[in-house]
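The values are calculated or read from the model by the stated rules, or taken from the named source; none is laboratory data. Keep in mind the model is a prediction, meaning the values are calculated, not measured. Positions of Cβ are backbone-derived with ideal geometry, glycine not excepted, and every protein chain shown enters the neighbour counts. SASA here: full protein model, heavy atoms, side chains in, ligands and nucleic acids out. Shrake-Rupley method; radii C 1.70, N 1.55, O 1.52, S 1.80 Å.
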Amino acid sequence: MLRDEMITVFGGSGFIGRYVVRELARQGYRVRVATRRPNLAYELKPMGVPGQIQLAQANLRNKASVARAVEGASGVVNLVGILYESGGQTFSGLQERGARTVAETASEAGVKTLVHISAIGADPDSPSQYGQTKARGERAVREAFDGATVLRPSIVFGAEDAFFNKFADMARFAPALPLIGGGKTRFQPVFVGDVAEAAVKALFDPAAAGRTYELGGPSVYTFKQLMEFILRTIRRRRLLLPVPFPAAGALGLLGEIAGKLPFVQPFLTRDQVELLKSDNVVGATDEGHPTLADLGIDAETIESVVPSYLIRYRKGGQFADKDYETVRETRA
Ligand SMILES: NC(=O)c1ccc[n+]([C@@H]2O[C@H](COP(=O)([O-])OP(=O)(O)OC[C@H]3O[C@@H](n4cnc5c(N)ncnc54)[C@H](OP(=O)(O)O)[C@@H]3O)[C@@H](O)[C@H]2O)c1
């Protein structure tokens, strides 16, 4: 049975957003996915029963469209964020002013509960624009919406992620994988399903109101260990090439120039290199935040999930372990 409550999800068409929408739908909530291009988000509708998932046109840079998207909602999740600036999409425009617009508008509309997705590394003193604007966005959300919950994930993994897939794909063609800054930066990868579950729990758990959670998986790995894990999983041998930070900065500049070409995404930016200078683990910036365990979530490991979708980067894909005759019999 459908519940009466309607939840608006900004960024519901994105990687993490799709899992949040699916989890809300699974629990019977009505969901309004706010996206700039609803015509490209029809694939979300089958995640619920007919009529359960609506699509609404909204851009965080246009307050009237945000107001229309939150009208009648009892809860809001805001997942909008960018990893690099392009066109009119700026870090401060989306992650700071856009975050404030959502929180203010939700408060004015009488929305009861707001979950804002930030990131580990949110720090007003961060050397990166991404980290600074995430911190200023959190502050703006707290000022505008009483009792908002902030979630800060480490890097997020899942079938459509942009980290494990990117380096596994690179390893198919490149003779070496780069170890930015020597590969010593530490990460605590967290499963996208766990982040989605946390977002939905935080919406409805009164104990979560006003708190900032840091979301990490069960283990911490260096960048180098993650590259080794990817290569082991896809059964490829590649050189791991240390790239000192100054050289990585130059690569980042090249990436930004490439990103100016039509339909090309920058493979690296100088801002991302700045981010890589700090560990991306729970408690890295300031300690004492509640975590997934405080929401009663038992975090998945990369070992139990990532091989299931990196298998396609092996030579032979899912048939890598089978001999030709067995494959032919299975297909017959
Ligand atoms: N992925 C990670 O590893 C990771 C780690 C830590 C934190 N986070 C944070 O988690 C959030 C979600 O990340 P993600 O990986 O799911 O990102 P994503 O796949 O890039 O999705 C971003 C979403 O933002 C929406 N969006 C972009 N510009 C917008 C605008 N002007 N107005 C309205 N919506 C806009 C996009 O929707 P349309 O294009 O359909 O409008 C898209 O749904 C972000 O805030 C990110 O910083 C992610």
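Of the residues making up segment 251-279, just one is over 24 Å from Thr212 (Cα atoms), surrounded by fewer than 16 Cβ atoms within 10 Å (Cβ to Cβ) and among the basic types (Lys, Arg), namely Lys260. Val282 meets all of the listed conditions (1) surrounded by 14 or more Cβ atoms within 10 Å (Cβ to Cβ); (2) in a helix (DSSP H, G or I) but one, namely (2). Taking each residue of segment 49-68 that is within 13 Å of Ser13 (Cβ to Cβ) and looking for partners that are away from the ligand (no atom under 13 Å from the Cβ) and open to solvent by less than 20 Å² (accessible area, probe 1.4 Å) with beta-carbon atoms closer than 7 Å, six or more apart or interchain, yields Ile53/Ala25; Ile53/Val31.
When you look at Arg186, is it open to solvent by 40 Å² or more (accessible area, probe 1.4 Å) and within 14 Å of Thr291 (Cβ to Cβ), yes or no? Considered against the rule, which asks whether it is open to solvent by 40 Å² or more (accessible area, probe 1.4 Å) and within 14 Å of Thr291 (Cβ to Cβ), Arg186 comes out as no. With respect to the conditions (1) under 30 Å from Ile230 (Cα atoms); (2) surrounded by 19 or more Cβ atoms within 10 Å (Cβ to Cβ); (3) in contact with a Phe, Trp or Tyr (Cβ under 8 Å, 6 or more places away or on another chain), Val102 falls short on a single one, namely (1).
The one condition from (1) on the phi < 0 side of the Ramachandran plot; (2) of a type in the set (A, V, I, L, M, F, W, C); (3) open to solvent by 70 Å² or more (accessible area, probe 1.4 Å) that Ala248 does not meet is (3). Exactly one residue among Arg211, Arg237 is open to solvent by 30 Å² or more (accessible area, probe 1.4 Å) and without any contact (Cβ under 8 Å) to a residue 24 or more places away in the chain, and that residue is Arg237. Filter segment 19-43 for residues that are in a helix (DSSP H, G or I), surrounded by fewer than 23 Cβ atoms within 10 Å (Cβ to Cβ) and touching a residue at least 24 places away in the same chain (Cβ under 8 Å) and give the result. Of everything in segment 19-43, those that are in a helix (DSSP H, G or I), surrounded by fewer than 23 Cβ atoms within 10 Å (Cβ to Cβ) and touching a residue at least 24 places away in the same chain (Cβ under 8 Å) turn out to be Arg22, Glu23, Ala25, Leu40. Among the criteria (1) under 19 Å from Val115 (Cβ atoms); (2) more than 8 Å from the ligand (Cβ to nearest atom), the one Asn39 does not fulfil is (1). Residues in segment 67-99 that are crowded, with 20+ Cβ neighbours inside 10 Å, under 21 Å from the mean Cα position of the chain (by Cα) and of a type in the set (A, V, I, L, M, F, W, C): Val76, Val77, Leu79, Val80, Phe91, Leu94, Ala99.
Within segment 226-239, being closer than 12 Å to Leu179 by Cα and within 21 Å of the chain's Cα centre (by Cα) holds for Leu226, Met227.
If you go through segment 44-66 and pick out every residue that is more than 10 Å from the ligand (Cβ to nearest atom), of a type in the set (Gly, Ala, Ser) and surrounded by 15 or more Cβ atoms within 10 Å (Cβ to Cβ), you end up with 2. Does segment 9-20 contain at least one residue that is more than 10 Å from the ligand (Cβ to nearest atom) and under 19 Å from Gly72 (Cβ atoms)? Checked against the condition, which is being more than 10 Å from the ligand (Cβ to nearest atom) and under 19 Å from Gly72 (Cβ atoms), segment 9-20 yields no hits at all. More than 11 Å from the ligand (Cβ to nearest atom), closer than 25 Å to Ala64 by Cβ, surrounded by fewer than 23 Cβ atoms within 10 Å (Cβ to Cβ) and hydroxyl-bearing (Ser, Thr, Tyr): does that describe Ser107? Yes: the conditions hold for Ser107.
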